[in-house]
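Please treat every number below as a calculation from the coordinates, not as lab data. Here the structure is a predicted model, which is why all the values come from computation and not from measurement. Glycine also receives a Cβ, built like all others from the backbone with ideal geometry; neighbour counts cover every protein chain displayed.
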Amino acid sequence: MWWSILLAILIIFLLYCLLPSYWARNRSKKVLRKGQTQKKQIALTFDDGPNPNYTPRLLDILKEHQVTATFFTMGKQAKLYPDIIKRMDAEGHALGIHSYSHRHAWLMSPTRTIRDMIQTYNILEHILGNPPKWYRPPWGTFNLISIFAAERLDLKTAYWSIEAQDWDKNTTVEHIYNTVIKKVHPGAIIVLHDNQGAPGAPERTLKALPTIIKSLKGQGYEFVSLDRMKGEYYAKANN
């Protein structure tokens, strides 16, 4: 009896969690994982914010270096700091949703997944006066209905191609810089964080970022939002 229950649990886990995540991360044409490789364009993306201590300073850095980025914000943070959300939008950055409270997709039922997404969507729409355009699930994990629920809200789903582990307590400024520089490629989508992670983690990201931007600009790379990256990627694919 116990083995049949265990088998049923494993099958459900496989169908609801593992296979959808693998498909979304590696196969699905509905998920943007990189831009076109014919141009030296890259996208900086930031998850988990806004944070009142780190995000304004991050925006200052981006403004100083004339870089456009994409922010995947948590609903509870956006609700607390709407002025930061408005500043992101006013300064030309793209915005997306990153769940309400960073709950793992594998721990959410279909109903909870939909409600969480709608709640975060509505918060951003209320603040901006316009709907958000993008969706990225916490931890980069998907469940069976994640992408389909995002589509119902007319949200484009994005993953990434470079992760610098800037949230980890053992990650240094040098590691963040070296990881991005060594792995960079045309069409890269870089994921960094302006909130959460280990204590002080976003501070290291802020310290690494100016040097990363200067180095990549020196190599001829252009920083673009996911809006532009997706538009040019699919325009190329349809030609």
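Couple of notes before you dig in:
- With N as its number of residues, the stretch 2-237 has a Cα radius of gyration that, divided by 2.2 N^0.38 Å, comes to 1.01.
- Treating r as the C-beta distance of Lys76 and Thr172 and R0 as 35 Å, the FRET efficiency rounds to 0.75.
- Footprinting exposure proxy ranking of Glu125, Glu163, fewest other C-beta atoms within 10 angstrom first, gives Glu125, Glu163.
- Highest-fluctuation residue, Thr171, Thr73, Thr113 considered, GNM on the chain with Cα pairs under 10 Å: Thr171
- Debye equation applied to the C-alpha atoms of the stretch 78-168, log10 I(q)/I(0) at 0.12, 0.15, 0.17, 0.22 Å⁻¹: -0.37, -0.58, -0.74, -1.15
- Relative contact order (%) - the chain, alpha-carbon pairs under 8 angstrom, separation at least six: 30 percent
- Averaging the Cα positions of each part gives two centres, and for the stretch 190-226 and the stretch 135-162 these lie 22 Å apart.
- Result for the chain in a Gaussian network model with C-alpha springs under 10 Å: among Ile12, Ile114, Ile61, the largest mean-square fluctuation is at Ile12.
- Net charge of neighbours whose Cβ lies under 10 Å from the Cβ of Leu155, counting Lys and Arg as +1 and Asp and Glu as -1: +2
- For the stretch 129-237: Kirkwood Rh in Å [reciprocal of mean 1/r, alpha carbons]: 15.6 Å
- Amide H contacts of Leu32 (H built 1.01 Å from N, under 5 Å, at least 5 apart or other chain): Thr157, Ala158, Tyr159
- Listed from fewest to most Cβ neighbours within 10 Å, the set Arg57, Arg152 follows the order Arg152, Arg57.
- Summed residue charge, Cβ within 11 Å of Thr70's Cβ, Lys/Arg positive, Asp/Glu negative: +3
- Neighbourhood net charge (11 Å Cβ-Cβ; Lys/Arg +1, Asp/Glu -1) for Gln196: -4
- Among Gln41, Gln119, Gln66, the residue with the largest mean-square fluctuation in a Gaussian network model of the chain, with springs joining Cα atoms closer than 10 Å, is Gln66.
- Checked against a 19 Å cut-off, the cross-linked pairs Lys29/Lys156; Lys63/Lys214; Lys30/Lys79; Lys86/Lys169 give Cα-Cα distances beyond that limit for Lys30/Lys79; Lys86/Lys169.
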